[in-house]
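Working notes for the structure below.
The values are calculated or read from the model by the stated rules, or taken from the named source; none is laboratory data. Being a predicted model, the structure only gives us computed values, none of them experimental. Here the Cβ is made from the backbone with ideal geometry for all residues, glycine too, and neighbour counts use every protein chain on show. Note: areas computed on protein heavy atoms with side chains; ligands, DNA, RNA excluded. Shrake-Rupley method; radii C 1.70, N 1.55, O 1.52, S 1.80 Å.
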Amino acid sequence: MNLKGKKIILGISGSIAAYKTPELVRQLVKSGAEVRVITTIAAEQFVSVLSLSTVSKHPVLNTIHDGSAWNNHVDLGRWADAMLIAPCSANTLAKLASGLCDNLLTAVYLSALCPVFIAPAMDEDMWHHASTQKNVSTVVEYGNKIIPVAHGELASGLIGEGRMAEPASILTFLDNFFQPIQHQPLQNLRALVTAGPTFERLDPVRFIGNFSTGKMGIALAETLAEQGADVTLILGPSSIRPKNNQIKIELVESAAEMYEACVARFEEVDIAVLAAAVADYRPTQIADEKIKKQAETLTLQLEKTKDILATLGSRKTTQTLVGFALETNHELANAEKKLFAKNADLIVLNSLRDEGAGFGFDTNKITLLDKSGQHTTLPLVSKKEAANIIVNRIANMRNEEQTA
Ligand code: CTP
């Protein structure tokens with residue numbers, strides 16, 4: 001929750017949706033925010049001032065002065081971390097757009113130095129009227145944030161657009177705004193990730209493949225993107241897709257296609273993480289017709305595929321190159337051999353002996369090996385957590401290189 005300790009002014013104007021505001025205040029207070037409520041005279045026809053003062057634990061303000069005391073709108077505007085106008089009627093919206101100031105709510109709005117959030121609420125036809133839409137554009141131009149209206153039953157009995165967003169949605173909107181800006185250490189860097197198995201065709205209906213699902217590579221692509229990298233994912237046959245639609249995906253089938261896709265892009269990237277389970281051998285020939293069942297035994301002739309990691313390793317200039325090693329015995333020694341033979345900067349070792357690690361699991365147990373001879377063995381963690389650890393290591397390696 002990011003609203004803890006935040007000072008919020010809630011301005012309520014005259015709309016039937018005002019009846020939801022005690023619940024909105026209650027949720028804001030529950031999230032740790034300090035709330036001061038301002039109502040317009042029209043708002044008080046729809047919601048009880050007593051309810052609002054009870055849930056906000058402060059008197060409700062509604063006039064610039066009550067004859068004996070003056071409510072300092074400038075101080076209020078400066079006190080707040082955010083001002084929320086919910087519901088914002090068509091009338092109040094028009095005042096905000098034109099700078100009219102005839103009540104405490106609009107006076108505080110004009111004095112506010114903090115971000116202002118507006119949750120409109122009105123009937124559908126009023127919402128779609130050209131003047132309302134123009135007012136919405138104007139207030140957005142002034143830097144205010146509109147909390148989108150919802151679709152549903154309206155006060156007129158009609159069903160349509162114009163309902164105020166539900167208190168829970170308004171709360172989420174505000175909470176997201178106050179989310180601390182995440183540090184993105186890989187901003188402006190381009191990354192290439194391979195994931196999934198490869199299929200090597202035997203005939204029109206059969207292939208040689210493996211059990212890789214692509215989960216680990218996809219988690220890596222997502223984590224690299226979260227940390228700011230511009231990611232291209234070269235994905236072998238997998239039913240999984242990244243959730244982040246910023247990631248560019250190139251679908252491939254065979255080791256040869258994956259090789260071509262990686263070699264074509266390597267020069268322009270800063271980071272390459274090869275997590276795919278690439279076939280080491282493929283049939284020397286792909287039969288044009290389905291291979292018929294005949295003799296008791298069938299011998300297939302296979303030939304080596306090109307090693308993508310080794311090729312990229314031989315062409316490496318400033319890129320950080322990360323490979324995987326899947327081993328069943330002499331794990332560390334074999335992984336170390338791959339690190340040097342393929343000129344990678346980091347090898348992520350997976351041992352199939354570890355329970356919960358390997359193809360299809362949501363968890364992984366990995367050891368990171370780098371050229372300094374450092375081995376870091378991690379406990380069994382989720383593939384997402386493993387991806388975080390690997391990507392943080394990549395970010396650190398790039399930092400160290402830059403400062404060296
Ligand atoms: N790899 C590759 N191209 C291949 C085979 C493997 O780029 N044709 C990459 C994998 O994506 C992985 C690393 O090389 O990052 C190691 O893969 P692995 O299968 O463990 O090792 P291999 O080199 O194939 O050796 P072996 O199968 O004998 O262990």
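Report yes if residue 192 is open to solvent by less than 30 Å² (accessible area, probe 1.4 Å), at pLDDT below 90 and either in contact with a strand residue (DSSP E or B) (Cβ under 8 Å, 6 or more places away or on another chain) or not assigned by TED's automatic domain parsing to the domain that holds residue 264 (or both), otherwise no.
No, not satisfied.
Please specify each residue of region 370-385 satisfying the condition of being closer than 19 Å to residue 274 by Cα and open to solvent by less than 40 Å² (accessible area, probe 1.4 Å).
370, 383 - these are the residues of region 370-385 that are closer than 19 Å to residue 274 by Cα and open to solvent by less than 40 Å² (accessible area, probe 1.4 Å).
In the list 234, 240, 208, 247, which residue meets the criterion of being under 29 Å from residue 316 (Cβ atoms), open to solvent by 30 Å² or more (accessible area, probe 1.4 Å) and among the β-branched types (Val, Ile, Thr)?
Exactly one residue qualifies, and that residue is 240.
Is it the case that some residue within region 270-283 is in a loop (DSSP other than H, G, I, E, B), over 30 Å from residue 373 (Cβ atoms), in the same structural domain as residue 374 (by TED's automatic domain parsing) and open to solvent by 20 Å² or more (accessible area, probe 1.4 Å)?
Within region 270-283, none of the residues are in a loop (DSSP other than H, G, I, E, B), over 30 Å from residue 373 (Cβ atoms), in the same structural domain as residue 374 (by TED's automatic domain parsing) and open to solvent by 20 Å² or more (accessible area, probe 1.4 Å).
Output yes when any residue across region 368-383 is more than 12 Å from the ligand (Cβ to nearest atom) and either outside the structural domain of residue 262 (by TED's automatic domain parsing) or of a type in the set (Phe, Trp, Tyr) (or both), and no when none is.
No, there is no match, as no residue in region 368-383 is more than 12 Å from the ligand (Cβ to nearest atom) and either outside the structural domain of residue 262 (by TED's automatic domain parsing) or of a type in the set (Phe, Trp, Tyr) (or both).
Considering only region 88-123, state which residues are part of a helix (DSSP H, G or I) and surrounded by fewer than 24 Cβ atoms within 10 Å (Cβ to Cβ).
90, 91, 94, 95, 97, 98, 104, 106, 107, 110, 111
Assuming residue 308 fulfils every condition listed in (1) over 18 Å from residue 275 (Cβ atoms); (2) near the ligand (Cβ under 10 Å from one of its atoms) apart from one, which condition is it?
(1)
Of these, 59, 22, which one is surrounded by fewer than 16 Cβ atoms within 10 Å (Cβ to Cβ) and not in a strand (DSSP E or B)?
From the options 59, 22, the qualifying one is 59.
Does any residue in region 78-102 that is farther than 15 Å from residue 126 by Cα come within less than 7 Å, Cβ to Cβ, of a residue that is open to solvent by 40 Å² or more (accessible area, probe 1.4 Å) and assigned to a helix (DSSP H, G or I) six or more places away or on a different chain, and which pairs are these?
99/110; 101/110
Go through (1) open to solvent by less than 80 Å² (accessible area, probe 1.4 Å); (2) part of a loop (DSSP other than H, G, I, E, B) and name the single condition residue 296 misses.
For residue 296, the exception is condition (1).
Can you tell me which residue among 320, 367 is crowded, with 17+ Cβ neighbours inside 10 Å, touching a residue at least 60 places away in the same chain (Cβ under 8 Å) and hydroxyl-bearing (Ser, Thr, Tyr)?
320
Okay, residues lined up against (1) hydroxyl-bearing (Ser, Thr, Tyr); (2) at pLDDT 90 or above; (3) farther than 21 Å from residue 91 by Cα:
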position	(1), (2), (3)
120	no, yes, no
159	no, no, yes
178	no, yes, yes
183	no, no, yes
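For residues that are polar (S, T, N, Q) and open to solvent by 30 Å² or more (accessible area, probe 1.4 Å), scanning just region 124-137, find the one that is farthest from residue 165 (Cα to Cα).
Initial filter on region 124-137 (polar (S, T, N, Q)): 131-133, 135, 137.
Subset that is open to solvent by 30 Å² or more (accessible area, probe 1.4 Å): 131, 133, 135, 137.
On the way: 131: 21, 133: 17, 135: 18, 137: 18 Å.
Once the filter is applied, the top-ranked residue is 131.
Hand me the list of strands (runs of 3 or more DSSP E) wholly inside region 138-255 holding 1 or more residues that are away from the ligand (no atom under 16 Å from the Cβ) and among the aliphatic types (A, V, I, L, M).
Passing ranges, in order: 150-153, 159-163, 200-203, 230-235, 248-251.
If you scan region 263-303, which residues turn out to be of a type in the set (Gly, Ala, Ser), under 30 Å from residue 320 (Cα atoms) and touching a Pro at 6+ places or on another chain (Cβ under 9 Å)?
First, the residues of region 263-303 that are of a type in the set (Gly, Ala, Ser): 264, 272, 275-277, 279, 287, 295.
Those left that are additionally under 30 Å from residue 320 (Cα atoms): 264, 272, 275-277, 279.
If the condition is that a residue be of a type in the set (Gly, Ala, Ser), under 30 Å from residue 320 (Cα atoms) and touching a Pro at 6+ places or on another chain (Cβ under 9 Å), then 276, 277, 279 are the ones that fit.
Report yes if some residue within region 347-360 is in contact with a Lys or Arg (Cβ under 9 Å, 6 or more places away or on another chain), open to solvent by less than 30 Å² (accessible area, probe 1.4 Å) and away from the ligand (no atom under 12 Å from the Cβ); otherwise report no.
So far as region 347-360 goes, yes, one or more of its residues are in contact with a Lys or Arg (Cβ under 9 Å, 6 or more places away or on another chain), open to solvent by less than 30 Å² (accessible area, probe 1.4 Å) and away from the ligand (no atom under 12 Å from the Cβ).
Checking residue 312 against (1) in contact with a Phe, Trp or Tyr (Cβ under 6 Å, 6 or more places away or on another chain); (2) at pLDDT 95 or above; (3) surrounded by fewer than 20 Cβ atoms within 10 Å (Cβ to Cβ), which test does it fail?
Going through (1) in contact with a Phe, Trp or Tyr (Cβ under 6 Å, 6 or more places away or on another chain); (2) at pLDDT 95 or above; (3) surrounded by fewer than 20 Cβ atoms within 10 Å (Cβ to Cβ) one by one, residue 312 breaks only (3).
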